[in-house]
1. Can you give me the Rg/Rh ratio for the range 54-95, using Cα atoms for both radii and the Kirkwood formula for Rh?
2. Give me the percent of accessible area attributable to carbon and sulfur for the chain, probe 1.4 angstrom.
3. Could you give the distance between the Cα centres of the range 75-103 and the range 1-60, to the whole Å?
4. Quick check for me: using +1 on Lys/Arg Cβ and -1 on Asp/Glu Cβ, what's the dipole size of the range 18-126 about its Cα centre, in debye to the nearest 20?
5. Quick one: helix 79-88 against the long Cα principal axis of the chain, what's the angle to the nearest 10°, folded into 0 to 90?
6. Expected output is a single nm value to one decimal: the length gained when fully extending between L86 and D67, i.e. 0.36 nm times separation in residues minus the C-alpha distance. What is it?
7. Using only the alpha-carbon atoms, how far is helix 51-64 inclined from the longest principal axis of the chain? Give it as 0 to 90 degrees, nearest 10.
8. What length, rounded to one decimal in nm, is gained on full extension from T3 through to R52, with 0.36 nm per residue of separation minus their alpha-carbon distance?
Amino acid sequence: MTTFTVDTDRRLEVIDITDRVEAAVPDDADGTATVFVRHTTAGIAVNEAESRLLGDFEAFLADAVDDDGWDHDRLDGNADAHLRALLVGASETLPVSHGTLDLGTWQSVLLVECDGPRSRTVEVRV
């Protein structure tokens, strides 16, 4: 198991972490790697990391969940972040061959920040 941190800059942000995940996979690994974010207001996704599309993901999540009006907001004001992270999910399991992620041509591993800016811990288990 390997962990690394990702520092985010904005409340809602999608960051390509493919290189960091790839670096966490042992050179002789075959099987699967599970990428997991240890937070309830962030998620992990696999998709294309084209900059305009990353902005579209952020806009989609912002539009999909209202920023306020949730019961949990009376506690700490971030129910929207929890709900957005719930839509994304906390992990992805990826195929690994000969120490390399077996991703499709345009696939990347993305950290989805829903309550930033923060420092997030990502775990990679092979």
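The values are calculated or read from the model by the stated rules, or taken from the named source; none is laboratory data. Owing to the predicted nature of the structure, the values given are computational and were not obtained by experimental measurement. Quick reminder, even Gly has a Cβ in these numbers, built from the backbone with ideal geometry, and neighbours come from all protein chains shown. For accessibility, only protein heavy atoms count, side chains too; no ligands or nucleic acids. Shrake-Rupley method; radii C 1.70, N 1.55, O 1.52, S 1.80 Å.
1. Working: Rg = 12.3 Å, Rh = 11.4 Å.
Dividing the radius of gyration by the Kirkwood radius yields 1.07.
2. Details: 3320 of 6910 Å².
Carbon plus sulfur share of accessible area: 48 percent.
3. 7
4. Numbers: 8 positive and 22 negative charges, 59 e Å.
So the dipole magnitude of the range 18-126 works out to roughly 280 debye.
5. Helix 79-88 and the main axis of the chain meet at about 30 degrees.
6. On the way: separation 19, 0.36 × 19 = 6.84 nm, distance 1.46 nm.
Length difference between fully extended and current span is 5.4 nm.
7. 40
8. Working: separation 49, 0.36 × 49 = 17.64 nm, distance 2.84 nm.
In short, 14.8 nm is gained.
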